[in-house]
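A short worksheet on the structure shown next.
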Amino acid sequence: CSVLDSARRSLVRAARLALCLLGTAFIFPAGAAPITWTNTSGGAWNVAANWNPNSVPGSSDDAFITNNGTYTVILNVSPTISSFTLGGVSGLQTLTNNSQTLSLSHASAVNTNGVLGMNNGVLNGLGSLNISGQVHWNGGSSGSGFSVTVQSNAALNIESSVTLSGVLTNLGTVNWLASNVSLNTNAPATGTFWNQAGALFDIQCDQ
């Protein structure tokens, strides 16, 4: 009888544990899986079929444009995402931001084989951007408090008017090729440019 009672108690405990775990799954939903760009012919950001799984990255998603090959992804919407990683092992992976606002919640990266084109685009949010590849900032801005770091052997080219409302730290090369560079220090903006020892800030225009 005691063996049977013990078995029953074990079954009850197992059932209660299963219910608790099931309840927890509903109360604390699992985070979204990383979403990876798969169309190595290039294409538009907002096409679900270009991603794996077939879903356009959302606010809790980490977007990866890291498949090898040479192609361009067009940011044709203004998404809010957790983070993005641009650049694979071979080829050149380009993300072109045409007058859109890319809002990031966490640290993001442009790797060695990544090229970010900011054509009047905006980088915004609580995140940051670490550049180990190339950025062509052809107009646009960074949002209040948004930090950008140019690593050694990386290059950021300022090609049209840019407004920085966060900190830009240069450890590599920044080429000022045209137009104005504005530092917005009106609170809560923190526009600052730090050119670190060994870095190059190369002024190639008459501004």
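The values are calculated or read from the model by the stated rules, or taken from the named source; none is laboratory data. Small disclaimer: the values here were computed from a predicted structure and weren't measured. Positions of Cβ are backbone-derived with ideal geometry, glycine not excepted, and every protein chain shown enters the neighbour counts. The accessibility values were calculated without ligands, DNA or RNA, using every heavy atom of the protein model including side chains. Shrake-Rupley method; radii C 1.70, N 1.55, O 1.52, S 1.80 Å.
Within the stretch 58-75, the residues that satisfy the criterion of being more than 13 Å from THR38 (Cα to Cα) and crowded, with 16+ Cβ neighbours inside 10 Å are ASP61, ASP62, ILE74, LEU75. Scan the stretch 161-183 for residues that are more than 21 Å from SER132 (Cα to Cα) and touching a residue at least 40 places away in the same chain (Cβ under 8 Å) and the total you get is 1.
Scanning the stretch 192-207 for residues that are under 26 Å from the mean Cα position of the chain (by Cα) and hydrophobic (A, V, I, L, M, F, W, C) turns up PHE193, TRP194, ALA199, LEU200, PHE201. Considering the stretch 159-187, the residues that are in contact with a Leu (Cβ under 6 Å, 6 or more places away or on another chain) and open to solvent by less than 50 Å² (accessible area, probe 1.4 Å) include one that is farthest from ALA199 (Cα to Cα), namely LEU164. Right, GLY145: open to solvent by 10 Å² or more (accessible area, probe 1.4 Å), within 23 Å of THR112 (Cβ to Cβ) and not hydrophobic (A, V, I, L, M, F, W, C) or not? Against the criterion (open to solvent by 10 Å² or more (accessible area, probe 1.4 Å), within 23 Å of THR112 (Cβ to Cβ) and not hydrophobic (A, V, I, L, M, F, W, C)), GLY145 does not qualify.
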